[in-house]
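In what follows, a single structure is set out as C-alpha cells and then discussed.
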Amino acid sequence: MTGHGAASELIALTAAELSARLASRDVSAVEATQAHLDRIAEVDGDIHAFLHVSADALKTAAEVDGARRMGAKLGPLAGVPIAIKDVLCTLDMPSTAGSRILEGWVPPYDATVVSKLRKAKLIPLGKTNMDEFAMGSSTEHSAFGPTHNPWDLDRIPGGSGGGSAAAVAAFEAPLALGSDTGGSIRQPAAVTGTVGMKPTYGGVSRYGAIALASSLDQVGPVTRTVLDAALLHDVIGGHDPHDSTSLTDNWPSFADAARTGAAAGTLKGVRVGVVKELGGEGFQAGVSARFAKALDLMSAAGAEIVEVSAPSFTYAIAAYYLILPAEASSNLAKFDSVRFGLRVTPPGGGTVEDVMAATREAGFGAEVKRRIILGTYALSAGYYDAYYGSAQKVRTLIQRDFAAAFEKADVLVSPAAPTTAFKLGEKLEDPLAMYLNDVATIPANLAGVPGMGLPMGLAEEDNLPTGIQIMAPAHEDARIYTVGATLEALLEQSWGRPLISRSPRHPLGEGRTK
C-alpha cells in the first residue's frame with residue numbers, strides 16, 4: 001500500500017513543507033493534488049475514509065497554478081489539498097452527515113469554513129466519513145459503513161470524525177476539517193497519531209455545519225503537525241455574521257504562536273496542570289505510561305507540573321449525554337420528509353405523519369434514534385428540570401472548576417483518550433462503554449474552552465498511537481499552539497525522529513495494515 005517515486009514524496013510532506021514547495025513553483029498544485037488523488041485510489045478501498053471524492057479537484061488545482069503563474073498574491077496554503085468532514089455543507093459535493101436521510105443531498109451553499117478554504121485557494125479533495133450526525137466515538141455508526149484505522153485495519157479510527165483523521169494518518173490528505181462536539185477531533189487524533197484542535201467555542205464559524213448540539217459543536221483542523229493545524233486555523237477562524245455565536249475577537253496568528261513554541265525549546269515559567277479526575281482507573285497502562293513520559297519531558301524543559309482537581313468533571317459524561325440528546329432532538333426535527341432529504345411513502349400511501357414516521361425509520365440509524373428518544377424525554381413536561389435543567393447546572397459547575405484550575409495553571413493536560421484504538425465491533429453493542437471513550441474530552445466542550453490532541457507515542461502493549469490533550473482558557477488558543485509545538489519538538493527529540501504520523505515506522509510503509 002506504499003506510494004512510489006515523486007508522488008510518494010509529495011504525500012509524505014506536511015502542509016507547511018508542501019506549501020513552501022508550491023510557493024517556489026518546485027511543485028505544481030496539479031501535481032500535489034494528483035498525488036493525493038492517486039493515494040486515495042490506492043488505499044481508500046481498505047480504509048474508507050472518504051464518502052465522496054471531488055470531480056473538480058484537478059480543475060481547481062489548475063486554476064491555482066494559473067493564478068500563481070500570473071503573479072497573484074496567494075495565501076500560505078494555496079494549492080494544498082484538504083479533506084472535509086461530511087458534516088460541512090459544500091455546494092459542489094453531497095453533504096450527508098453520514099446519514100441515509102441526507103443521502104445524495106447537495107446543499108445550495110457552502111459552510112463558511114468551506115468558503116474560506118476556497119478563498120484561500122486550498123484544494124478540496126472530497127468529503128470524509130463520520131458517525132451519523134456526529135453521534136459516536138468510532139465512525140462505526142456511519143450509514144455508509146465504518147472507516148478503518150490505518151495503523152490496524154481491524155481497529156476503529158475514533159469518532160465521530162474518524163474519516164478525517166484516517167485520511168490524514170493514511171497520507172490521503174495533508175489537512176482535513178473536522179467537528180468536535182464531545183471530542184470528535186481530539187479523540188480520533190489520539191488513536192490515529194494525528195494532531196486535532198478544538199478551538200474556543202465561537203472562534204470558528206458553525207454556519208453550514210449540520211448541527212448536532214448547537215451549544216457544543218465546534219469546527220477545527222486535523223493535521224499531522226501542530227504548525228499545520230495552526231496554519232489551517234488561521235484560514236478558517238474569525239468572526240462570521242452568519243453565526244450568532246461567533247466571537248468578535250481579533251485573533252493573533254496561530255502559525256506564529258506555533259513557530260514561537262517550536263523554536264523556544266523550553267517551557268520555563270509555564271505552569272502545567274495535570275487534571276486529577278482525567279486519569280487513573282479506566283485508562284490503559286500504555287496510555288498512562290506515555291502520558292507520564294510526556295510530563296517528564298515538559299518538566300525537564302522547565303515547566304512547573306502541578307496537580308489540579310476538578311471534582312465536577314466526574315459528572316461530565318452524565319451531563320453531556322442529557323444536554324447533547326436534548327439539543328439533537330431539537331436540531332433533527334427538521335428532517336421531516338417534507339422540506340429536503342429522504343422521503344419514504346408507506347405502502348398504500350398515508351398521512352404526512354405516516355410518511356414522516358416511515359422516513360425517519362428508514363433514514364435514521366439506531367444510535368440517532370436512541371439519542372432522539374432520550375433527548376425528547378429529557379425535554380418533556382415534568383422531566384425538563386429534573387434532567388436537562390440539572391445537567392445545565394452541572395455544566396456551570398464544570399465551567400467553575402475550569403476557572404479555578406486555570407488560576408493554578410496556564411494549561412491543563414490529560415490523555416486525550418483513555419485507550420488506544422479498540423477493535424471494530426468491540427463496543428458497538430454497548431453504548432455506555434462507547435460513551436466512556438470521550439471521558440477526557442467532554443469537559444472542554446461543556447465549558448467552551450479550546451483543546452488539542454497531540455501524538456505522544458505508541459503504547460507499549462499494542463504498539464498503537466496515544467495522544468495527550470492540552471487545554472487552555474477560552475480565547476487562549478494561541479497558548480495551546482505555543483505549548484503544543486514546544487512539546488511536539490521535545491517528543492521528536494526524545495524519539496530521535498518525527499512523531500508517529502510522519503515516522504518511517506508508520507504502518508502504511510511497513511504493511512502493518514494487512
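Here the condition is being modelled with pLDDT of 95 or more, part of a loop (DSSP other than H, G, I, E, B) and either assigned by TED's automatic domain parsing to the domain that holds Ser390 or β-branched (Val, Ile, Thr) (or both); of Thr245, Thr345, it holds for Thr245 alone. Of all positions in region 285-297, at least one carries a residue that is under 21 Å from the mean Cα position of the chain (by Cα), in contact (Cβ under 8 Å) with a residue 12 or more places away in the chain and either in a helix (DSSP H, G or I) or not assigned by TED's automatic domain parsing to the domain that holds Glu407 (or both). When you check Leu122 against the structure, is it in contact with a Gly (Cβ under 9 Å, 6 or more places away or on another chain) and of a type in the set (A, V, I, L, M), yes or no? Yes, satisfied. Assess whether Pro188 counts as being within 18 Å of Ala485 (Cα to Cα) and crowded, with 24+ Cβ neighbours inside 10 Å. It is false that Pro188 is within 18 Å of Ala485 (Cα to Cα) and crowded, with 24+ Cβ neighbours inside 10 Å. Does any residue of region 30-51 turn out to be over 21 Å from Gly196 (Cα atoms), part of a loop (DSSP other than H, G, I, E, B) and either touching a residue at least 40 places away in the same chain (Cβ under 8 Å) or of a type in the set (Asp, Glu) (or both)? So far as region 30-51 goes, no, none of its residues is over 21 Å from Gly196 (Cα atoms), part of a loop (DSSP other than H, G, I, E, B) and either touching a residue at least 40 places away in the same chain (Cβ under 8 Å) or of a type in the set (Asp, Glu) (or both). For region 475-482, check the following and say yes or no: at least one residue is under 27 Å from Gly136 (Cα atoms), among the acidic types (Asp, Glu) and modelled with pLDDT of 90 or more. Yes. For region 445-468, the set of residues classified as touching a helix residue (DSSP H, G or I) at 6+ places or on another chain (Cβ under 6 Å) and part of a strand (DSSP E or B) consists of Gly451, Met452, Gly453, Leu454, Pro455, Met456, Gly457, Pro465, Thr466, Gly467, Ile468, listed by residue number.
Table: residues versus (1) under 14 Å from the mean Cα position of the chain (by Cα); (2) polar (S, T, N, Q); (3) closer than 28 Å to Ile101 by Cα.
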position	(1), (2), (3)
Trp151	no, no, no
Gly163	yes, no, yes
Glu172	no, no, yes
Ser184	yes, yes, yes
Gly196	yes, no, no
Gly203	no, no, no
Ala209	yes, no, yes
Ser214	no, yes, yes
Asp243	no, no, yes
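Of the residues making up region 347-372, those that are under 13 Å from Ala333 (Cβ atoms) and among the aliphatic types (A, V, I, L, M) are Met356, Val368, Ile372. Right, Ala381: out of contact with any helix residue (DSSP H, G or I) (no Cβ under 9 Å at 6 or more places or on another chain), free of Cβ contacts under 8 Å to residues at least 40 places away in the same chain and in a helix (DSSP H, G or I) or not? Spelling it out, it is not the case that Ala381 is out of contact with any helix residue (DSSP H, G or I) (no Cβ under 9 Å at 6 or more places or on another chain), free of Cβ contacts under 8 Å to residues at least 40 places away in the same chain and in a helix (DSSP H, G or I).
Table: residues versus (1) surrounded by fewer than 23 Cβ atoms within 10 Å (Cβ to Cβ); (2) more than 30 Å from Ala357 (Cα to Cα).
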{"position": "Leu74", "(1), (2)": "yes, yes"}
{"position": "Leu77", "(1), (2)": "no, yes"}
{"position": "Cys89", "(1), (2)": "no, no"}
{"position": "Thr96", "(1), (2)": "no, no"}
{"position": "Arg100", "(1), (2)": "yes, no"}
{"position": "Glu103", "(1), (2)": "yes, no"}
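Kindly establish whether Ala169 is within 21 Å of Ala41 (Cβ to Cβ) and either at pLDDT 95 or above or buried (at least 24 other Cβ atoms within 10 Å of the Cβ) (or both). Show your work before the answer.
Numbers: within 21 Å of Ala41 (Cβ to Cβ): yes; either at pLDDT 95 or above or buried (at least 24 other Cβ atoms within 10 Å of the Cβ) (or both): yes.
Yes, satisfied.
Would you say Ala263 is assigned to a helix (DSSP H, G or I), among the small types (Gly, Ala, Ser) and surrounded by fewer than 19 Cβ atoms within 10 Å (Cβ to Cβ)?
yes
Here Asp228 does not fit the description of being part of a loop (DSSP other than H, G, I, E, B) and either at negative phi or touching a helix residue (DSSP H, G or I) at 6+ places or on another chain (Cβ under 8 Å) (or both).
The values are calculated or read from the model by the stated rules, or taken from the named source; none is laboratory data. Keep in mind that this is a model prediction, so the values were computed, not measured. Glycine gets a Cβ as well: all are built from the backbone with ideal geometry, and neighbour counts include every protein chain shown.
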